[in-house]
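Below: one structure, written as structure tokens.
The values are calculated or read from the model by the stated rules, or taken from the named source; none is laboratory data. Predicted model, so just to flag it, every value in this text is computed and none were measured. Positions of Cβ are backbone-derived with ideal geometry, glycine not excepted, and every protein chain shown enters the neighbour counts.
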Amino acid sequence: MRRTLLCTLCMLMCMALSACTAAPAASPDPASIGSSSQSLTGTCTPDSDETDTLPDVSRDIPAYQPDVETPLSYEYDGAVLTANGLRHYSLQGYSIVYDPNLFTRQGWENGDAYLISEGNYLSVNRLNGMDAVTLRQGLILQEEIPDLGQQVQVGSGTYTAHTLVVSPQDGIYRQFWILELGPNSSLLVEQSYVMEDPNAPQYQAIQKAMLDTLTLE
């Protein structure tokens, strides 16, 4: 059975701490890692009554802002379509435009998921107490993927991407981006869609358009 992200990242941090002869570093926030594992397992389905909650006061994030109506344009089947989107200002320190008629947004303490159906979603998780290198190593170990080191444009920034298909029988396309916010804070963005779904090309196009609107606040 495949290890979860929580076990992998905890193992990496323990190894790093045991090998270090200097003063011990801060441990990852277990709550943050636990929240992110919801998206990484491909079953990103928080309880329906979950809503955004105020994070720890130690986090350097913007104050709450209401969603703002913002058009979301995307290319599909040779045409440019425009949806009546909303720009969501997340408590995790980013904003993104999504189509509320297609996506159901669900939030928890350390992340947000934009859900269409099982296997079709975009999620953004904030991990505090962990640098981007450790997060990338944990992701590679968990998913058993090579470190591609691809540079991709996400919103207004360029980041490292990891692309994989979880397994041929599942037929799920998943792509990850690690957006470093600081020395010990990162956003983990995951795109997922079921490749055999008849609407997969449209889902992929809309997800790509959403990523183009992602902005760090």
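Scanning the stretch 181-217 for residues that are more than 12 Å from Val124 (Cβ to Cβ) and of a type in the set (Gly, Ala, Ser) gives Gly182, Ser185, Ser192, Ala200, Ala205, Ala209. Looking only at residues of the stretch 110-141 that are at pLDDT 85 or above and assigned to a loop (DSSP other than H, G, I, E, B), we find that the one that is nearest to the chain's Cα centre (by Cα) is Asn110.
Restricting to the stretch 172-190, name every residue that is out of contact with any Lys or Arg (no Cβ under 7 Å at 6 or more places or on another chain) and over 18 Å from Glu109 (Cα atoms). Scanning the stretch 172-190 gives Ile172, Tyr173, Arg174, Gln175, Phe176, Trp177, Leu179, Glu180, Gly182, Pro183. Scan the stretch 104-120 for residues that are of a type in the set (Gly, Ala, Ser) and under 14 Å from Glu190 (Cβ atoms) and the total you get is 3. Can you find, within the stretch 64-104, the residue that is surrounded by the most Cβ atoms within 10 Å (Cβ to Cβ) among those that are within 22 Å of Asn128 (Cα to Cα) and not aromatic (Phe, Trp, Tyr)? Ranking the qualifying residues of the stretch 64-104, first place goes to Gln92.
Screening Glu180, Glu144 for residues that are at pLDDT below 85, surrounded by fewer than 21 Cβ atoms within 10 Å (Cβ to Cβ) and at positive phi leaves exactly one candidate, Glu144.
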